[in-house]
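The values are calculated or read from the model by the stated rules, or taken from the named source; none is laboratory data. The shown structure was predicted, so the numbers you read here are calculated from the model rather than taken from an experiment. Neighbour counts run over all protein chains shown; Cβ positions are idealised from the backbone, glycine included. Each accessible area value is taken on the protein alone, full model and side chains, heavy atoms only, with ligands, DNA and RNA left out. Shrake-Rupley method; radii C 1.70, N 1.55, O 1.52, S 1.80 Å.
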Amino acid sequence: MMKKVMMILAIVMITSCSFASTPPKVVSDAFMKKFPAATKVSWGKEGPKEWEAEFTLNGEKISANFGQDGTWLETEQEIKAANLPKAVSASVKMKYSDWKIAEADKTETAKHGTIYEVDLKKGLKTKSLAFKEDGTTVKE
């Protein structure tokens, strides 16, 4: 009897855990419409009303965020610092010449269009910045 109870409990836990990472149909439908060729898709909650899909597209690892109603919010892809637009690199070098670029992302947003996010590191200090393609800083 105890084994049966444990087995049922395990099934309930597994079912509830997998349900927690399944977005509403309107969100998954919006994702498939925007990224029909995506593979290796995994979902997670980004907030109470926001879902994030991590997936592979054309061999690249990408993440995309959608609102609870299926509205696309942003798509983010890690890029090499060498692939940042020249104006963004120049802006970083001018203002933060003694900082090292730890990570760079190209982010397409519904709010700001395409922006480039740069994580900088100097010793134990870190700083995150966002720029438009022309090198101007984005305030969020």
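Side notes on the structure shown:
- Residue check for T126: β-branched (V, I, T) and either touching a residue at least 60 places away in the same chain (Cβ under 8 Å) or open to solvent by less than 70 Å² (accessible area, probe 1.4 Å) (or both): no
- Single unsatisfied condition, M94 versus (1) hydrophobic (A, V, I, L, M, F, W, C); (2) modelled with pLDDT under 95; (3) surrounded by 14 or more Cβ atoms within 10 Å (Cβ to Cβ); (4) more than 19 Å from V41 (Cα to Cα): (3)
- Looking only at residues in the stretch 119-133 that are among the basic types (K, R) and not in a loop (DSSP other than H, G, I, E, B), the one that is nearest to the chain's Cα centre (by Cα) is K127.
- Contact annotation: residue pairs with Cβ atoms under 8 Å, 6 or more positions apart or on different chains, pairing a residue in the stretch 33-48 that is assigned to a strand (DSSP E or B) and loosely packed, with under 14 Cβ neighbours inside 10 Å with a partner that is modelled with pLDDT of 95 or more and aliphatic (A, V, I, L, M), are S42/A53.
- For the stretch 57-69, the candidate set comprises residues that are within 17 Å of E108 (Cβ to Cβ) and of a type outside the set (D, E, K, R); within that set, the residue that is most open to solvent (accessible area, probe 1.4 Å) is N58.
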